[in-house]
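Report on one structure; see the data block that follows.
The values are calculated or read from the model by the stated rules, or taken from the named source; none is laboratory data. Worth saying up front: this structure is predicted, and the values here are computed from it rather than measured. Ideal geometry is used to build each Cβ from the backbone, glycine not excepted, and the neighbour counts take in all protein chains shown.
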Amino acid sequence: MFRELATDRLRLRRLERADAARLFAYRSLPEVTRFQTWEPRDEAEVARFIEGLEGIEPGEPGRWFQLGITLADGGELAGDCGLHVPEGRDHEMEVGITLAPAFQGRGYATEALGALLTYAFGPLGKHRVYGSVDPANLPSIRLMERAGMRREAHFRNSLWFKGAWADDVIYAMLDEEWGPRGPSEV
């Protein structure tokens, strides 16, 4: 049963009902939703989303497992991240990270992604971890490159996104490329 992932400065833990207001506050900002498929309409929708995560464990095929990214010092919610195992592809996992603007540019996303990679390749035993990103989302591309993920594909006009066709870039890493490093599970 999942408890949390810990790094020097962060704790990645299950989202709680008490996180709904903070999660809605940053997940509803235009600069955050620009590259996101989920645009919650109100705090109640976020609360229902969090309630829907109860009982889900990381690695359940076809389901996103969403975690809160909190500061180790004080527990403030700085963002959230997700893990997703595609149906029929149990050997791999998709990851995604969203940070509130006030917490961007401090290395938190890099630290959180390192924790996710360590968890996916370690306890979850995944062979491949990947992220899907809009090529205009340069901060996310730089994040994946800093983590050592490589660009595998650029699919042109492959996604119908917010009323228009959009490109999709895939970054990935294999378990042997990650190796024994990174944060610990607590």
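Quick check: is even one residue across the range 17-27 part of a loop (DSSP other than H, G, I, E, B) and surrounded by 13 or more Cβ atoms within 10 Å (Cβ to Cβ)?
No, every residue in the range 17-27 fails to be part of a loop (DSSP other than H, G, I, E, B) and surrounded by 13 or more Cβ atoms within 10 Å (Cβ to Cβ).
From the set of residues in the range 94-113 that are assigned to a loop (DSSP other than H, G, I, E, B) and in contact with a Lys or Arg (Cβ under 9 Å, 6 or more places away or on another chain), which is farthest from residue 146 (Cα to Cα)?
100
If I filter the range 38-47 down to residues being surrounded by 13 or more Cβ atoms within 10 Å (Cβ to Cβ) and among the aliphatic types (A, V, I, L, M), which single residue comes out as farthest from the chain's Cα centre (by Cα)?
47
Have a look at 94, 76, 87 and point out the one that is within 19 Å of residue 133 (Cβ to Cβ) and either of a type outside the set (Gly, Ala, Ser) or crowded, with 22+ Cβ neighbours inside 10 Å (or both).
Unique residue meeting the criteria: 94.
Give me a count of the residues in the range 118-134 that are out of contact with any His (no Cβ under 7 Å at 6 or more places or on another chain) and either acidic (Asp, Glu) or within 28 Å of residue 156 (Cα to Cα) (or both). Quick ask: steps written out before the conclusion?
So the first thing to find is which residues in the range 118-134 are out of contact with any His (no Cβ under 7 Å at 6 or more places or on another chain), and the list is 118-125, 129-134.
Keeping just the survivors that are either acidic (Asp, Glu) or within 28 Å of residue 156 (Cα to Cα) (or both) gives 129-134.
Residues meeting the conditions: 6.
Going by what's in this entry, would residue 35 be described as of a type in the set (Phe, Trp, Tyr), crowded, with 18+ Cβ neighbours inside 10 Å and at pLDDT below 95? Before you say what the answer is, go through the steps one by one.
Working: of a type in the set (Phe, Trp, Tyr): yes; crowded, with 18+ Cβ neighbours inside 10 Å: no; at pLDDT below 95: yes.
Spelling it out, it is not the case that residue 35 is of a type in the set (Phe, Trp, Tyr), crowded, with 18+ Cβ neighbours inside 10 Å and at pLDDT below 95.
Looking at residue 79, is it closer than 17 Å to residue 149 by Cα, at pLDDT 95 or above and of a type in the set (Gly, Ala, Ser)?
For residue 79, the condition - closer than 17 Å to residue 149 by Cα, at pLDDT 95 or above and of a type in the set (Gly, Ala, Ser) - is not met.
Rundown of residues vs (1) of a type in the set (S, T, N, Q); (2) in contact (Cβ under 8 Å) with a residue 12 or more places away in the chain, yes/no style:
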{"site": "24", "(1), (2)": "no, yes"}
{"site": "33", "(1), (2)": "yes, no"}
{"site": "42", "(1), (2)": "no, yes"}
{"site": "54", "(1), (2)": "no, no"}
{"site": "58", "(1), (2)": "no, yes"}
{"site": "62", "(1), (2)": "no, yes"}
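Limited to the range 68-93, what total is found for residues that are farther than 29 Å from residue 165 by Cα and either touching a residue at least 60 places away in the same chain (Cβ under 8 Å) or in a strand (DSSP E or B) (or both)?
Looking only at that region, the number is 9.
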